[in-house]
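Here, each number is a calculation from the coordinates, and none is a lab measurement. Quick caveat: nothing in here was measured; it's all calculated off a predicted structure. No Cβ is skipped: glycine too gets one built from the backbone with ideal geometry, and neighbour counts run over all protein chains shown.
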Amino acid sequence: MSVLDHNEYNNHEHVAFFNDKYSGLQAIIAVHNTNLGPALGGCRMWSYANSEEALTDVLRLSKGMTYKAAMANVALGGGKSVILGDPRAAKTPAMMEAMGKFVDTFKGRYYTAEDSGISVEDLQHMEKHSNYIAGIHSKYHISEEKSDGNPSPATALGVFVGVKAAVAYQYNTDLRGVKVAIQGLGSVGIRLARHLKNAGAELFVADVYKPNVTVAAEELGAVIVDPQDILTLDVDVIAPCALGATINPTSLPNIKAKVIAGAANNQLANEGIGTECRNRGILYAPDYVINAGGIIDIYHQKIESSDRGLKSHIENIGQTLTDIFKGSDEQDLATNIVANKIAEERFLKK
Ligand code: NAD
């Protein structure tokens with residue numbers, strides 16, 4: 001299938017493929033929309049089964065970034081990049097440097113940052129060849145824990161604020177005694193768990209990588225659950241913080257929680273699942289709204305701001321979600337559809 005006929009192509013402005021025979025780098029950069037500003041989106045390295053799968057991933061993710069930036073009220077557009085290969089086995093500094101050269105060919109219409117499989121150190125290699133690498137320097141901080149540029153702490157704060165807003169809307173309560181099941185205790189999940197614990201929530205956690213759940217159990221008293229069961233526990237909130245498409249026709253009928261609010265991108269297998277959630281009385285916090293803390297962080301590092309300015313922008317995520325929840329009830333529409341309409345009004349009218 002050609003790129004132009006691809007289901008996920010969706011009016012992308014620019015899709016470029018890169019092949020560097022010296023380092024072995026094979027990568028794709030997709031720029032979805034730059035109406036509101038230069039495209040920003042992390043670089044993901046993953047052992048895709050084939051190039052078709054990589055193309056689908058990058059196109060879906062870059063489109064999501066346009067919506068995320070518009071909803072977060074930052075002057076950025078949407079883009080994303082993927083590197084084909086196993087980050088644990090195939091990654092080399094030379095490959096990261098080659099990726100920096102590839103990013104630079106966009107001359108500032110695309111900025112990259114961290115995503116799965118790409119670390120601050122990898123971005124430092126890219127930065128040798130491009131000024132358009134974000135997520136590695138921090139002027140402003142959201143806590144005493146000084147960030148190295150990785151936006152995960154900001155993302156976790158935004159998701160925490162979002163869970164609080166969703167619980168307040170759905171159950172009319174704060175987080176004390178509220179049962180939350182977290183799927184995936186990586187950079188965002190473990191930080192979210194700490195916020196929730198401090199607010200008095202009861203934690204249930206699952207991760208396919210055992211050391212991560214052990215930390216949560218020992219440090220936070222979280223109950224460890226089999227990854228197969230985490231989404232269907234009898235809890236108040238499920239927080240998907242691992243993979244995309246976990247809310248799908250198979251999992252949804254078995255979900256007992258009445259709030260879904262987590263960090264993962266593309267949580268719904270398709271947009272119709274949002275309507276199914278609404279029909280089942282489940283309040284879904286749209287993923288690109290609740291997980292926008294990272295993009296807000298990166299944006300503030302590029303403008304004149306302050307620690308306070310950064311933090312309060314992230315904390316606005318709570319109000320944005322509450323407005324979406326109200327709009328969903330008023331219009332009898334799924335929360336993801338309401339969010340899409342608001343985002344499209346912002347980036348399409350420009
Ligand atoms: P991460 O790679 O650090 O953590 C993901 C965790 O999920 C890992 O510990 C992994 O072992 C676990 N996992 C994978 N498959 C699983 C499964 N089937 N069941 C349970 N656990 C599983 O990633 P992260 O940075 O914490 O990001 C988490 C999610 O949030 C991702 O979907 C990412 O795209 C999204 N996100 C992250 C950021 C950010 O700033 N890091 C920003 C926006 C969105």
Within region 126-188, chymotrypsin sites (Phe, Trp or Tyr not before Pro) in DSSP loop having at most 14 other beta-carbon neighbours inside 10 Å:
none
Antiparallel DSSP beta bridges within the chain, percent to nearest 5:
35
Mind scanning 210/311; 311/341; 197/256; 197/326 and naming the pairs with a C-alpha gap bigger than 29 Å?
210/311
Farthest toward positive dipole pole in the chain [+1 Lys/Arg, -1 Asp/Glu at C-beta], among 110, 211, 267
110
Where in the chain are the helices, taken as whole DSSP H runs, whose Cα atoms extend 20 angstrom or more along the long axis and whose Kyte-Doolittle mean reaches at least 0.5?
152-171
Cβ-placed point charges (K, R +1; D, E -1), dipole of the chain about Cα centre in debye, nearest 20
520
Specify which residue in the list 120, 138, 160 is farthest towards the positive end of the charge dipole of region 57-208, using unit charges on the beta carbon of Lys, Arg (+1) and Asp, Glu (-1), about the Cα centre.
160
Volume of the Cα convex hull of region 10-134, divided per residue and given in Å³:
90
Please sort by residue number the GluC sites (Glu not before Pro) in region 233-314 whose DSSP state is loop and whose Cβ has at most 15 other Cβ atoms within 10 Å.
271, 304
DSSP loop trypsin sites (Lys or Arg not before Pro) in region 89-120 with at most 14 other Cβ atoms within 10 Å of their Cβ, which ones?
107
Hey, if you put +1 on the Cβ of every Lys and Arg and -1 on every Asp and Glu Cβ in region 152-347, which of 173, 200, 317 ends up farthest toward the positive end of that dipole?
200
Local charge sum around residue 167 (other residues, Cβ-Cβ under 13 Å, Lys/Arg +1, Asp/Glu -1)?
+1
Using only Cα atoms, what is the ratio of the radius of gyration of the chain to 2.2 N^0.38 Å?
0.94
